[in-house]
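K.L.:
First the structure, then my questions, so here it is.
Each value in this text was obtained by applying a stated rule to the coordinates, not by laboratory testing. It should be emphasised that the depicted structure is a prediction, and the values quoted were computed from it without experimental measurement. Positions of Cβ are backbone-derived with ideal geometry, glycine not excepted, and every protein chain shown enters the neighbour counts.
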């Protein structure tokens, strides 16, 4: 939140804040007597807003979410990946080693490396490419946009490893990338200026079961492929 508040209440009994400020600011008057004036959309326009006697121009009311604004949020989303990654990566290698001989270290390393590459692709598509290409991806749902990018990445990975992976492995990795990419793109919803809490909740109720089913199918297919040796 960015705000312009007076040093003395009596001299200027109001506080100006941008429209992206927390909704809890409505309690300001009750707590300290200051009147909250909702100013422009972006905090960078507050000074101009005050200079114009608190009259907003059309430009001040315009909500934007440009490529630059979307890219600036990517490091924040990447910062959230540390904890789940430290659990998911070992699981990928363990599942990759399961096969005809119960467990194979060689398979865990070779197949695990491929699964790790799929996970990296899922992060790239869900956290970087989906936000960057947001306006041009099909669908209104962020989860669908992430799934589309994941499907494209899965197809690319399958093409690159066509001679090394069986069909079940290609399908498993594609479903895995789609599930992770879709979830990560959906998680980006909270960083946008044009979504509502109810809209996000509605999307999550529909998307999370589908993502979970997709991830489960990927695990079953990946492990099954290990027994086909």
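K.L.:
If R₀ is 35 angstrom, what is the calculated FRET efficiency for the pair residue 102 and residue 208, using the beta carbon separation as r and rounding to 0.05?
P.N.:
With a Förster radius of 35 Å, E is 0.60.
K.L.:
If you don't mind, there's one more thing I want to ask. Over region 67-228, what is the relative contact order in percent, taking alpha-carbon pairs closer than 8 angstrom and at least six residues apart?
P.N.:
27 percent.
K.L.:
At 7 Å along the Cα-to-beta-carbon direction for both residue 53 and residue 78, put a label point, then send me their distance in nm to one decimal.
P.N.:
4.8 nm
K.L.:
Here's something else I'd like to know. Give me 219, 71 sorted ascending by neighbouring Cβ count inside 10 Å, so fewest comes first.
P.N.:
Ordered by Cβ neighbours within 10 Å, fewest first: 71, 219.
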